[in-house]
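Engineer: One structure, pasted below without further comment.
The values are calculated or read from the model by the stated rules, or taken from the named source; none is laboratory data. Since we're looking at a predicted model, the values are computed, not measured. In this analysis, Cβ positions are derived from the backbone assuming ideal geometry, glycine residues included, and neighbour counts consider all displayed protein chains. Ligands, DNA and RNA are stripped out before the accessible areas are found, and what is left, the full protein with its side chains, is counted by its heavy atoms. Shrake-Rupley method; radii C 1.70, N 1.55, O 1.52, S 1.80 Å.
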Amino acid sequence: TILSGGLRDARALAPKARFKMCGNLGLLLLGCRPQDADAILAHLEAMVAATAIRGAQGAGIGKIQWSMSGARAPGRAEPDLELGDSSTDFDDLPRRPQRLEHDANASLSVVRVLGEKRRFLPKTLAAKAQKRLDFRHGGELSATSVIAHTRFATGSSNRLEELHPHTWVPPTTESVWLYDEKKGFHKTRAVVAMQISHNGDFDGLDAFNIEISNADLGRLLNVALDEPSHLRGDSPKIAGFLDLFRVQGRLAAAARLASLRVSENFAEACSHRAKWEDWKAWEREIFEPALVKCLRKGRVIEKASAPGRYRVHSQAVHDLTDAAMSILNGRGDGNFNFADLRRPGSSAKRSEVIDSAADHWEELHTRSFVHHTFRGFLRHDTYTAVTELLSRAHGSFGIQAHCTLEPGTVILAAEGQPMSFAVEPYEITPIVVFGSENAAVRIPVQHGTFGRASTTGNKCVQRLFELNEGGEVARIGAVPAYDDENCYALGTRHTEGNHWWLLRSGIQVRVYSLRQGAELTESVLKHRCVELKQNRTDYLVASQQDIVAADLADTCRVVHKIDEQWMSPENRVVGARNRANSRTSAQMAECTLATDALAHKLLLLMAKRVNQHRDQIDFLVAGCEISLWVAHQFVSDLRLVFPSLNISCASTNELVAVFTEGRKKTVFTSAFPVHAGIVTEETCVLLISQSGQTFPSLHATNVLCSRFPGQVWILTGEKISKMRSRLLYCMGRKGLDSAKLPRVILNGSGHRPAEPSSVAAVAVHHTLTHVLFRMVHLAHSYQLAVKVLERFYLAKRSGSTGKETAGGSRIDAQD
């Protein structure tokens with residue numbers, strides 16, 4: 001079929017050239033008690049404060065809670081473990097999977113706030129969430145999934161309804177089929193709702209052998225879901241896509257999706273005018289009788305080896321399709337007529353899609369429709385739906401999603417955007433934190449605040465897993481009733497071990513790689529988890545009524561701190577490596593050494609330019625938004641001081657486009673255009689980013705370091721950042737020792753929210769001023785050294801020839 005199957009080819013896996021400045025964050029807690037609400041909100045507030053470095057014009061929190069009555073409650077802490085080092089084998093620890101029964105009354109709620117110019121967004125959001133979010137859930141134990149988002153509006157106006165999390169179809173109660181160990185596969189009524197948050201750009205997707213734009217997808221969703229949306233952003237379309245494609249256990253929704261899969265083209269798909277009642281008619285008259293018939297024969301569902309879980313019979317879709325076609329052809333349960341799809345007495349007319357099936361569909365077309373209905377009904381959960389979205393979509397994506405039909409589960413996805421999650425494998429507290437910013441994910445969980453003592457004797461061993469931005473989807477949470485594990489293994493099944501990771505808390509982790517077309521094995525999942533040793537909790541600033549005034553008042557302190565660090569005696573010595581025990585002094589020594597290394601490179605290029613003129617960029621400074629504005633000022637000053645160097649400034653978005661396919665889609669207009677031909681292996685590049693992970697700057701780091709390792713420097717506010725990690729990784733791959741070749745310069749401002757940005761901008765500007773002073777100081781030192789060497793060289797030459805050489809030629813760059 002046109003809409004189904006297949007991953008994209010490698011053309012769409014290149015880094016994207018456009019990015020949104022937003023942040024994702026969230027947590028999943030199984031065994032949440034009513035009194036845990038304060039602890040959850042306090043942790044979320046700290047995570048929002050750490051994520052606000054990405055954007056603070058607005059924020060939102062979405063929550064789903066499921067009852068855990070009848071489920072195994074997470075136990076109290078066991079005696080302290082003797083952990084030794086961090087290499088303790090996970091397999092040596094006892095693990096019991098968490099299994100949750102479906103909660104027909106799962107509660108969904110959302111809180112959104114617009115940022116105020118002079119108020120601290122995390123506290124504003126926490127105060128509103130304290131009033132609006134109810135974590136009691138009937139006073140019983142529950143599973144709680146929370147996704148949150150901070151926004152820097154670029155794709156649509158900064159209005160309250162445009163803030164994440166997004167839901168396209170409001171929560172509705174409908175008939176769904178679920179599995180229970182006692183009742184088996186049975187029909188029940190349940191609340192159905194999907195909630196997502198998204199970083200990046202959703203440009204469109206591949207379907208019907210064409211690329212559908214985001215706007216056209218919105219038109220299709222308005223028709224298919226019969227639920228028009230007035231939101232203008234691109235992210236709501238992701239929520240609508242998942243509403244359309246998440247159809248497991250929902251026959252009517254699966255039939256609606258199948259009708260699109262068998263449509264001939266986009267125009268035909270948009271011409272459908274079927275209402276929800278029409279799809280319910282298909283379910284009632286065709287699909288449900290076929291399902292019940294096959295269930296009685298035991299050819300659909302079979303019990304799995306684990307209690308409370310089931311598997312789909314290998315011939316289930318085939319048998320169900322035959323049964324439904326038998327009904328349609330009038331050979332199974334009596335004569336059938338399409339006109340009978342609507343019950344007698346109904347005043348509604350038949351829909352166009354049913355008329356089309358009656359008048360135009362051939363048997364093969366109808367059979368394909370029925371086949372995709374049952375295939376989606378049995379298999380298409382949120383994990384699968386998000387994977388299909390990424391396999392088709394164009395843009396960049398950092399996605400968080402959860403659904404009321406999948407208790408205690410959250411789906412994360414990354415392609416062209418960072419997403420990570422942190423776990424504590426030694427702890428039995430069933431909690432996972434996740435987000436786009438490592439700073440937020442690294443905030444340690446205080447187990448005592450959740451009413452549980454630390455299993456490991458407060459030896460916090462937190463491990464970070466970063467999703468590959470080339471395209472990966474993670475499913476984290478309670479073990480589902482549907483046992484499809486190892487279905488997405490690469491090659492022969494079960495030959496590489498399990499394709500999931502079961503934590504000691506009972507939470508299961510599964511990660512699907514779009515590049516490999518398979519799920520990662522347990523050994524790979526463990527290997528890619530990096531131990532976090534430096535956790536921070538100081539992201540929450542003091543509660544200020546006026547954060548702009550507080551930011552401005554802090555300016556003098558930060559500037560004075562920068563002056564002290566750069567003008568200290570040990571850092572004024574050229575090339576000196578500070579061996580002080582102070583972490584700040586050591587970091588400052590690295591900054592001065594990185595500046596010296598940059599100056600050395602540029603001075604050598606200056607010497608070359610005396611006798612050799614080339615049409616290439618010697619020094620390229622790049623940034624985004626405020627960083628780009630400061631970079632332009634810095635470049636203007638550098639050109640006055642070093643006129644012999646060819647110095648240029650560019651947006652990091654432009655740099656990404658220059659070295660990727662983005663150059664074919666976007667035209668950048670500037671006084672000094674940059675193209676790949678004038679950026680060579682001799683070009684020195686300085687990338688400026690306050691957070692150290694501004695998305696275009698991060699991708700520019702990745703692109704440039706892979707091509708010119710050792711020629712890229714970064715200036716950032718935080719020592720530990722994604723840009724620094726990429727830089728060190730690329731240098732290591734090329735065999736360069738980062739300890740001997742420092743490339744990171746800190747601006748002294750530390751962690752700062754995106755708004756207000758006064759101190760951050762001043763800190764970058766002031767640091768670059770000191771960089772310029774140091775480069776001038778080094779240039780003078782070089783000039784003096786060259787004069788001494790010239791005299792020595794000429795004297796030596798005169799002595800060897802026995803003649804006086806007055807005014808001999810100057811030594812060249814090679815000398």
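Engineer: From the list E162, E181, which residue is open to solvent by 10 Å² or more (accessible area, probe 1.4 Å) and not aliphatic (A, V, I, L, M)?
Structural biologist: That would be E181, the only listed residue that is open to solvent by 10 Å² or more (accessible area, probe 1.4 Å) and not aliphatic (A, V, I, L, M).
Engineer: Could you figure out which of (1) surrounded by 18 or more Cβ atoms within 10 Å (Cβ to Cβ); (2) on the phi < 0 side of the Ramachandran plot; (3) within 32 Å of the chain's Cα centre (by Cα) isn't true of G200?
Structural biologist: Exception for G200: condition (2).
Engineer: Another question, then. Out of G710, G750, G717, I need the residue that is at positive phi and open to solvent by less than 20 Å² (accessible area, probe 1.4 Å). Which one?
Structural biologist: G710
Engineer: Okay, next question. How about segment 377-429: which of its residues are of a type in the set (S, T, Y), over 23 Å from K63 (Cα atoms) and touching a helix residue (DSSP H, G or I) at 6+ places or on another chain (Cβ under 8 Å)?
Structural biologist: Passing the criteria: only S396.
Engineer: Could you list all residues from segment 678-701 that are more than 29 Å from the chain's Cα centre (by Cα) and touching a residue at least 60 places away in the same chain (Cβ under 8 Å)?
Structural biologist: I678, V679, T680, E682, T683, C684
Engineer: Please tell me if L244 is open to solvent by less than 10 Å² (accessible area, probe 1.4 Å), among the aliphatic types (A, V, I, L, M), over 25 Å from C22 (Cα atoms) and out of contact with any Phe, Trp or Tyr (no Cβ under 8 Å at 6 or more places or on another chain).
Structural biologist: Against the criterion (open to solvent by less than 10 Å² (accessible area, probe 1.4 Å), among the aliphatic types (A, V, I, L, M), over 25 Å from C22 (Cα atoms) and out of contact with any Phe, Trp or Tyr (no Cβ under 8 Å at 6 or more places or on another chain)), L244 qualifies.
Engineer: Please state which of the following conditions T150 fails to meet, knowing it meets all the rest: (1) loosely packed, with under 15 Cβ neighbours inside 10 Å; (2) of a type in the set (S, T, N, Q); (3) over 30 Å from V292 (Cβ atoms); (4) at pLDDT 85 or above.
Structural biologist: Result: T150 fails condition (1) only.
Engineer: Which of the residues that make up segment 202-229 are without any contact (Cβ under 8 Å) to a residue 40 or more places away in the chain and small (G, A, S)?
Structural biologist: S213, A215, G218
Engineer: Here's a follow-up. Out of the residues in segment 372-426 that are among the polar types (S, T, N, Q) and open to solvent by 10 Å² or more (accessible area, probe 1.4 Å), which is farthest from the chain's Cα centre (by Cα)?
Structural biologist: Here the answer is T384.
Engineer: Starting from residues that are open to solvent by less than 30 Å² (accessible area, probe 1.4 Å) and of a type in the set (S, T, N, Q), keep the ones in segment 500-523 and report whichever is nearest to the chain's Cα centre (by Cα).
Structural biologist: Per the criteria, the residue is S513.
Engineer: Could you please find all residues in segment 265-281 being exposed (fewer than 13 other Cβ atoms within 10 Å of the Cβ) and in a helix (DSSP H, G or I)?
Structural biologist: A267
Engineer: Scan segment 272-284 and report the pairs whose first residue is without any contact (Cβ under 8 Å) to a residue 60 or more places away in the chain and whose second residue is open to solvent by 10 Å² or more (accessible area, probe 1.4 Å) and assigned to a loop (DSSP other than H, G, I, E, B), with Cβ atoms within less than 7 Å and a gap of 6+ or a chain change.
Structural biologist: That search, which allows pairs on different chains as well, returns W276/D226.
Engineer: Here is a further query. Between L727, L686, which is open to solvent by less than 10 Å² (accessible area, probe 1.4 Å), at pLDDT 85 or above and part of a strand (DSSP E or B)?
Structural biologist: After ruling out the rest, the residue left standing is L686.
Engineer: With respect to the numbered conditions (1) out of contact with any helix residue (DSSP H, G or I) (no Cβ under 9 Å at 6 or more places or on another chain); (2) modelled with pLDDT of 85 or more, which one is the sole condition not fulfilled by H770?
Structural biologist: Among (1) out of contact with any helix residue (DSSP H, G or I) (no Cβ under 9 Å at 6 or more places or on another chain); (2) modelled with pLDDT of 85 or more, the lone unmet condition for H770 is (1).
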